[in-house]
Every structure is written in structure tokens, then in C-alpha cells.
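Step one of this worksheet: look at the structure below.
The values are calculated or read from the model by the stated rules, or taken from the named source; none is laboratory data. As the structure is a prediction and not an experimental result, all values here were calculated from the model. Cβ: placed from backbone, ideal geometry, glycine included. Neighbour counts: every protein chain shown.
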Amino acid sequence: MRKRKIVRAIIYLCSALLLAGVLSSCSSNQKNSSSSSGDASSSNRKVNLRFSWWGGDDRNQATLDAIKKYTDKYPNVSISGEYTGDMGGYRDKLATQIASGSAPDLIQVDVTWLPGYAQKGDIFADMTKYKDIIDTSSFDQNFINQFSMFDNKLLGLPLGINAVTFMYNSELLKSAGVNITDNWDWDTFITEGKKVHQANSSEYFLNINSQGLFENVWSNYVRQLTGEKLVSDDYVIGFNKQQASQGFALIKRFYDENIVQPAEEATVYDKQIQQNPKWVAQQFGGALNYGSNLTLFKSGLGAAPATANIPVVQGAKNTSIIVRPQSFIVINNKSPEKEESAKFINFLLNDKNSQLALKDTRSVPPTQTARTALEEAKLIDPLSVAIVNQALPKQGLADNNLSTNQQLNDAAVSIIQEIQFGKTTPDQAADQLLSQWKDILRELKDNQQ
Amino acid sequence: MARVSRDSIKYILLIAVGMIMIYPFVWMCLASFKSNDEIFGSLNLLPSKISFAPFAKGWEGSGQYTYTNFFSNSFWLVIPTTLFTVLSSVVVSYAFARLKFHFKNAAFMLMIATLMLPNAVVIIPRYMIFNNLHWVDSYLPFIVPALLACNSFFIFMMVQFFRGLPKELDESAYIDGCNSFEILVKILAPLCKPAIISAFLFQFIWTWNDFFNSLIYINSVSKYTVTLGLRMSLDNESGVTPWNQVMAMSFMTIVPCVLLFFFAQKYFVEGIATTGLKG
Amino acid sequence: MKDDLRALLYLSPWVLGFLVFQFYPLIASLGYSFTNLNLMGTTRFIGFKNYITMFTRDPDFYQSLKVTAVYVLFSVPFKLIFALFVAVLLNMKIRGVNFFRTIYYIPSILGGSVAVSILWRILFAKDGIVNRAIAYLHIPAVDWLGSPNIAIYTLGLIIVWQFGSPMVLFLAGLKQIPSSFYEAALVDGASRPRMFFFITLPMLTPILFFNLIMQMISAFQEFTSAFVVTNGGPMKSTYLYGMKLYSEGFSHFNMGYASALSWVLFIIIFILTIVIFKTSNNWVYYEDGGNM
């Protein structure tokens, strides 16, 4: 009686273990990543690459098309795309994969993530080692040096170019009597902008969230005042209390003079300002945002959308008009197929077929050849090219990695929220910001040593 | 007469609260027919026109893989996971509820404790285990833990239900010559049918809707489940998200869960009341 | 009499799964909490530094604790009471009850779906549907998600609305109560409220106990609703502990610090759970005679 019970239980246990064992063994041979032997030139060796990116339907389709053009040309290569539209989820997954050493061979990383990853130095491969494979001559060299070089290592190549711009509804602004010039300062921005709400009390000049107020208003204003980076490469803050306070006072004026919608109403859409019903109903003058977001914002810009450079302080030491990459493509340093990955990158960015397939799905293309090709084929919105062309000649000092650190960013954004809700004064905010940033920078410096 | 009016009060109450419950579902369904501007800009529940194009277009997915793939993947992931979870939880919880053994309280607390550590921090060590086992990019990180009763919620839940049954049941069955396994299968499990069905429902719906774990463990688009498929066209960066398609597909993805719930909850009706226990 | 061997056989799948997939990650995260583990820089053992930073230099830590406490105290009792109320309602023998049960469970299926998150903003915006509805009752408009004092309760409401799983368990528990109990009470001439308080409620205590523990644990860890609907704002008034953890771990890549944060949360939940377990002898009624 008792024996039977035990036997049955043992059978149960064994079958569970067996099942687990069988399942694990069938999965372990299904995913044998490509062998690393053999040189890149041999064209018959089977090569499997994994390429991950995030994006919407258009970008996914365009990237798959470009991949197909490559695998048609090199039938021994197969590239599996791993993509999702959810950028936040993508970032978390990438962090997990990198932490456990299973990231794909080719990875799209956001412009704000690369500096963080680059600090460690050996997560992504140095592309200067593949100079013979990847032709970088069609890129603007200064641009690459500024954004892609870390300790003399080329860690990524830009997939697109981006600039912050003031995109506006020219019909609405005209009827409110607002006069936009390309050479304006923040005072004009306010004195002109407040006409919108004066003309119609349900309309506002600027649609912006707390992140935008920090990134595109406060930071630019402070950099224009100081002519310095927000934080220097040796962890020193590049502005003083008075300058920070002036920046916060500017934001306070936005609210006092009704340039922007009251925080209590707008905060509901803080994460996706283009979903604000007032934006959809074209009751905003415009938005300060990246040119790559133009399609996202277009519905609120009316029949005649237009763009202008951001305002610049009179006598600024630096225009702070930033042209920067939209995202990068990098090679995983743990990839067994670094050379093959490099070959694919060269094709992706330099081959005309690939350029025409990718179109402007990652903002304006990074190379002159691609821009020309797309303009000739009429595959690009002239307004997005205009944004880049408008900004390039007035380009200011680019920010360094440290200044775009996520922790510094988050601390500043939450202080700006207190200004938005009128819970603190510009002076108090400046004190708070300096003390929090000093703490964070001390921590970051400690971790580096 | 009093009977009728009391019933109608019940109905009015049920319908009034029910409207609040179902509103988002109806809104989502109707939003499938609206343009982006209409979704964000208008408070009207009804769309200005009806077209099934968003359903057809949404179903095509990425073009490379359609929702037919995603749905079948979801079933391949969810059904084994759910069945194994229910089986293993019933067996394990029986030991906790009915057997006496050393360190039982300690083991029980340990089991409950695993629910208390936030997922965000165990992700990386757990991912490393599955990666070392070469299980990443398969459904094994879902199925094997289910087989090994790794969801303490269900063990705890079944324990509570078993403990609601009188012990005399086991004892009389034991006298009748049943061994402990037979007691579990023939006596206790049938009496806990509502609980077992609930466990099945919960695990099915939770696994079906789970986004984060599927995102982390599944790489190949060919193995994507419906939740991953849904996020694929959510472009929060450069393009315009076709929200009507997202709504249409969100609607489609919850239909299996709603149907399953509708058919499964009927079995609640045959509870302990019909088994003649203590009667 | 102890059944060690037999128990081990029944427990064997769990023992194996626990050791490999649960105990190891648990211990690993404890280890991480004493390091500066991040994706940048080298990982070093730094002793209690993470814990010291948390308690002495991190204002967000206290803010998120405060917000989470308010959230747990508000959402858990309301959700349980509402779930029990609906379960009793849906346990009645009336026509179409199957249909109603399904409708009442739908919110829990929709959960934190991205599609629905848009709806919350449409419903609770300043000129949204909820404010228009209460305008008929001459109640002034409320900044449901825009006011730092109110947003956390609005978020709580959204969670209460997803009362489906405790409701289903209450329903399953109600079905387990032998009908003979009620028949006997009827013979004795007991009123309905009396039957509820002296039969239904006591018989449901094991399920109530389970729901209380589980809802408390998950409310402490709540993340999705805050992330999707309010993103922690306005002014960190909905910055739940789960969001703090997530932004340290995945936005700032401070895995060491995030692990320390989770262990603090773990200890808080653990203590509260033990307290509830200890008191359970006084109010939870088990048919098996109590005592595990």
C-alpha cells in the first residue's frame, strides 16, 4: 500500500525532471550562434546576424527591406531583425541582455544612451578597427568626432540627424499677429508669444512638457548665457546659481504670461504632448522639439506648418543650437561576427539601394549622399531637410556625455515641475538643483574610479 | 409583488455598475473606427463612420508576420504554462494544506516571501539563469517554472481553499482505503473545482497579457506573442501610431480572455452545494 | 506523526523550482545590494553605502514611501470591500448572472493595456467626461490627474476598478459554503444580514485573508498604472515605490541601488505579512480546525 504511493510519486517526479531535461536539450541546439572561424571574405560560410532596433511600422518595414537587399546580395548571410515599437521596453531589454552577455550583434541605441554605455568602454566594438570595411567619408567628420568618439574609439555611427526646432502653425500665429523671425531672443519669444492667448483665451503659444522645458528651454538658455557645457568632462558644473535661477525665472514667466497652458491641465499629457486635445484641435501656436518628431506633431500644425531656430539670448556666447544624431548603430563587442557586422553597417549606411529603402524613417539621413539620393527621389519631407539646413550653419557647442546623464536630467525635471506648479521660487530651485547635481556628480565620479 | 420590485432593484444596480465596468471596453471597440484626431480630440463615444479597414490592416502586423502567427504563438505559450501551473500548484498545495512535516512553517513563509521581492530586481539574475540554460528565445522560461510550481500565488491560493474543507473528508476516505494521492484526486480536487477554475483563468489571462517577461525572453519576431505584436506598431518616436489599428488589435487580443471567462465561470455554479456534502 | 518523505515527494517540483528560479535570484539581489553594480564602471563591494544613501540623502525615497503608503491604505480596503460586495451580488440566482459576471471581470482583463491608458486621460482630464458628468450634479470640476493632492487617489480608483481577481476568489469561496448552513439558518428564522455576518463572512475568512495578503503585496509593488497613466507626476505625487525602483534600475542603470531599495521594500512587506499572519488566528476560521 505505502510502497505503491512512493513508487507513484517517484514516477511523477522523474517524469517531471525528464520532461524538463528533454525540453532543455531540444532548445539548446536550436540556438547555436554562428561560428567565429573563417575570414570575412569567404562568401560561402554561413553567417547569422541578429540586429535589434525599435520603431513604428514604417521604420520596421523600411529596415526589413534594407536587410533583404543585403541578404539578396550575400545569400550566405542571414540577418534576423528583433524589433518592437516600445522604446522604453526596448531599453530595458537591452540593459538586461547586455548585463548577461546575450545582446544581438548589431544594435540601434538612442543618442542619450550611448554615452552611458560608452563609459565602460568595451561593451560596443571600436569601429576604427574596421576602417577598411566601413567607409565613413560620406559623414561629416566633425559631427562624428563630436558624438561618436569616446577615448579615441568610434563606438557607433549615426543613423540620422536631428535638430531642435520651433515648429509652428503659421496660420494661427499670423491671425494672432505673432511675428516670427529666425533671429529672435527669449524676450521676443515671450512678448510675441503671449499675443496668442490674448487673442483667444482657449489658445496658447507653446505646447511643452517638463522634460522639454528642461532640455529645450532651460538648458539652452543657460548654455547661451555661459558658453559652457552644463557639466564639464571633469565633473564640474558649468553655471552658477544666478544663471540657473535666471533660467528658472524664464520658465516662470512662461506660466505667468500665459505662453503655455496651465500646468494642472497640461500635466495629464506630460508624457505624450501631441495627444493633448488642444494640440489635436490646433489650438497651440507650436512646439519646441526635435525635427525627427515632425510627423508625430504634424496634425496640430495646420495646413501651413513652418519651422524656425530656437530663440537665442542677445550677445550669447554660444547659440546652443544643437544638431545631433537621432540614434546610433553599434556592434556588440561580444559578437563572434564583428567583421560581418561591419560589412552590413557599411551597406546599410552607404549603399544607395539601402538608403532609398530606409528613407527618412530615422530622421534626416546622416550622410550627404543619402540626403541627395532621397531628395532626388522625392522620398523625404522638404520641411525636415529644412530644419537641418536651418540649424547647421548656426550650430552651437555640442553637449558632452556627462551633461546628458539621465540622473541629472531626472533631478532637474522634477525641480522644473515645482516651478510649473508654482511651489518654489527660481532662487530656491537654483539652490536645490546645484546641491542635487553636486551629489549625483560626486556619486558618478566615485563609480568611475 | 415585493419579489418583483426587489429583483428590479437588483437589475438596476447591476446594470448601472456594469455600465462603468464595460465602458472602456466599448470605448476601445468603437475607437477602432476613429481616426487619431478623433480619438484624442473628440469626447464622442460613437465614431463618425464605420469601417473595418483598421481590423484588416491591423491584422497584417509587421507585414513579415501577421496576427495569425502572434495568436498561435500566444496559444503555444499560454496553454502549457497554464495547465502545468494548475497541476503543479494543486499537488504542492496539498502537501502544505494537509500533510505534517518538519520545517513546514518555515517552508511556507519562504514560499510566500518569494512574492514580496519586486520583479525589477530579480529580472537580471533570473535572465542569467535562463540564458545559461540556453532557454532564451524559447517559451521554456515560462513553461518550466510553471511545471515546477514557481508561482507562489497559486500555491497559497489553493492552500487556503483546501483548508476550507473539513478534514473528516480525508479521514473517512483513508478508512475506505484511499491513499493520499487518491484522496487529493478523487475527494479534494473535485470539491475545489471553483478554485481550480479560478486558478486556470487567472494564469491564462495573466500570461496572455504579460508584456514585460515576453519582451525580455523572446527575441525572434517569429515567436512574438500578441502582446509583443501589439507594441510593434506603437511608434512613440518618429512616426504616427495608427491608433485605430492598435485599438482594433487590442480588442481582438482580449476577446479570447473574455470568451474563456464567460464559458469557465458557468462551472462555478456547480460548487460544493451540489455534492451533497454535510447535507 | 510527521510525513516527511511523502511531503517531500509532493513538494519536490516546488523545491527544485524554488531553489533554482527563486532562491538564487533572491540571494543574488541581496548580494547586489551591497555593491555599486551598474552597467558602467567596475562593480565593487561597498558595504552598507546604498542603504545609508537611501535613508540619508535620497528625498525621492521618502517621497515614494509616503505615496505608496497612502496608495496601499486607500486602494486595498476599497478594492476588497467592493470585490466582496460584487461577489455577493453576483452569487445570487438571477437570470443573466453569467453575463454580468463576465462584464464585471472585463476591467481586470484590460488591466494596464496601453490602449486603455489613453482613455484614462480622456476620462479624467479637466474638461473630460467625468467632470462633465459631475457637472450635471452641480459638483465643480476636479483636477483628477492634474492636482498633486488628488492624482494618487484617482490612480487608486483605477486600481479599485480592476477588482476582478479578488471578486472571483470570493465568488469561488461563496460556492464552497454548503447550502445546508443557510437552510438551517432559515429554519431558525435568521435575517439576511445576520446570515451574511454569521455564516458567509466567517466561512469566507480564509479567502479574505488570502486576498488581503496578496492585494497588499501587489499594491506595494504597483508600477504599471503609475507608469502608464501619470508617469509618477504631477510633481512626484504618484511616484510609487515601484516607479522609483524601476527608474533606478533601468533608467539610471543603478542595479546595486535598486536591489537595496527592493530589499527595504521586501522587509517592509515581510513584517506586515507576519503581523497579519499572527493576527489571523483570531479572525480566520478554518474548516480543517486551524493550525497548519
(request) Scan region B:125-181 for residues that are closer than 18 Å to B:Val92 by Cβ, modelled with pLDDT of 90 or more, part of a loop (DSSP other than H, G, I, E, B) and more than 7 Å from chain C (Cβ to nearest Cβ) and jot them down. (result) B:Asn151
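Table: residues versus (1) under 22 Å from C:Tyr239 (Cβ atoms); (2) at the interface with another protein chain (Cβ under 9 Å from one of its Cβ atoms); (3) touching a strand residue (DSSP E or B) at 6+ places or on another chain (Cβ under 7 Å).
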| position | (1), (2), (3) |
| --- | --- |
| A:Asp399 | no, no, no |
| A:Ser403 | no, no, yes |
| A:Gln407 | yes, yes, no |
| A:Ala412 | yes, no, no |
| A:Ile416 | yes, no, no |
| A:Ala430 | no, no, no |
| A:Asp439 | yes, yes, no |
| A:Asp446 | no, yes, no |
(message) If I filter region A:339-347 for residues that are among the acidic types (Asp, Glu) and either outside the structural domain of A:Ala287 (by TED's automatic domain parsing) or not in a helix (DSSP H, G or I) (or both), do I get at least one hit?
(response) yes
(request) Considering only region A:123-182, state which residues are touching a Leu at 6+ places or on another chain (Cβ under 8 Å) and of a type in the set (D, E, K, R). (result) A:Asp126
(message) Scan region C:195-202 and tell me whether some residue there is modelled with pLDDT of 85 or more, part of a loop (DSSP other than H, G, I, E, B) and β-branched (Val, Ile, Thr).
(response) no
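I want to confirm something. Restricting to region C:246-292 and keeping residues that are among the charged types (D, E, K, R) and surrounded by 13 or more Cβ atoms within 10 Å (Cβ to Cβ), which single residue is farthest from the other protein chains (Cβ to nearest Cβ)?
Within region C:246-292, the first condition is being among the charged types (D, E, K, R), and the residues that meet it are C:248, C:278, C:287-288.
When the remaining residues are screened for being surrounded by 13 or more Cβ atoms within 10 Å (Cβ to Cβ), the result is C:248, C:287-288.
On the way: C:Glu248: 9, C:Glu287: 5, C:Asp288: 5 Å.
This residue is C:Glu248.
Table: residues versus (1) of a type in the set (Lys, Arg); (2) within 27 Å of C:Lys236 (Cα to Cα); (3) modelled with pLDDT of 90 or more; (4) outside the structural domain of A:Glu192 (by TED's automatic domain parsing).
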| site | (1), (2), (3), (4) |
| --- | --- |
| A:Lys271 | yes, yes, no, no |
| A:Gln275 | no, yes, no, no |
| A:Phe284 | no, yes, yes, no |
| A:Gly291 | no, no, no, no |
| A:Thr295 | no, no, no, no |
| A:Lys298 | yes, no, no, no |
| A:Leu301 | no, no, yes, no |
(request) Restricting attention to helices (runs of 4 or more DSSP H) lying wholly within region C:62-164, give those where 3 or more residues are more than 8 Å from every other protein chain (Cβ to nearest Cβ). (result) C:114-124, C:129-136, C:151-161
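State yes or no: is A:Tyr90 within 10 Å of chain B (Cβ to nearest Cβ), outside any strand (DSSP E or B) and touching a residue at least 12 places away in the same chain (Cβ under 8 Å)?
yes
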(message) Cβ contacts < 6 Å: first residue touching a residue at least 40 places away in the same chain (Cβ under 8 Å), restricted to region A:426-449; second residue of a type outside the set (Val, Ile, Thr) and outside any helix (DSSP H, G or I), any location; separation 6+ or different chain. Result?
(response) A:Leu441/A:Tyr235; A:Lys445/A:Tyr235; A:Gln448/C:Gly41
(request) Please specify each residue of region C:1-49 satisfying the condition of being in a strand (DSSP E or B) and at the interface with chain B (Cβ under 10 Å from one of its Cβ atoms). (result) none
(request) Would you check if there is a residue in region B:57-76 being surrounded by 20 or more Cβ atoms within 10 Å (Cβ to Cβ), within 10 Å of chain C (Cβ to nearest Cβ) and small (Gly, Ala, Ser)? (result) no
(request) Output the residues belonging to region A:412-445 that are closer than 15 Å to A:Gly212 by Cα and in contact with a helix residue (DSSP H, G or I) (Cβ under 7 Å, 6 or more places away or on another chain). (result) A:Ala412, A:Val413, A:Ile415, A:Ile416, A:Gln417, A:Glu418, A:Ile419, A:Gln420
(request) Pull up region A:121-179, narrow it to residues that are basic (Lys, Arg) and not in a helix (DSSP H, G or I), then point me to the one that is nearest to A:Leu397 (Cα to Cα). (result) A:Lys153
(request) Filter region C:237-253 for residues that are charged (D, E, K, R) and farther than 17 Å from C:Asn36 by Cβ and give the result. (result) C:Lys244
(message) Condition (residue is buried (at least 22 other Cβ atoms within 10 Å of the Cβ), outside the structural domain of C:Ile213 (by TED's automatic domain parsing) and closer than 30 Å to A:Asp446 by Cβ) applied to region C:64-72: is it met by at least one residue?
(response) no
(message) What are the pairs with Cβ atoms under 6 angstrom where one residue, in region B:32-54, is within 14 Å of chain A (Cβ to nearest Cβ) and the other, located anywhere, is of a type in the set (Gly, Ala, Ser) and part of a loop (DSSP other than H, G, I, E, B)? Sequence gap at least six, or different chains.
(response) B:Gly41/A:Ala281; B:Pro54/B:Ser32
(message) Looking at A:Trp184, A:Trp279 in this structure, which one is of a type in the set (A, V, I, L, M, F, W, C) and either modelled with pLDDT of 95 or more or crowded, with 23+ Cβ neighbours inside 10 Å (or both)?
(response) A:Trp279
(request) Could you pull out the residue among A:Tyr255, A:Tyr290 that is aromatic (Phe, Trp, Tyr) and surrounded by fewer than 20 Cβ atoms within 10 Å (Cβ to Cβ)? (result) A:Tyr255
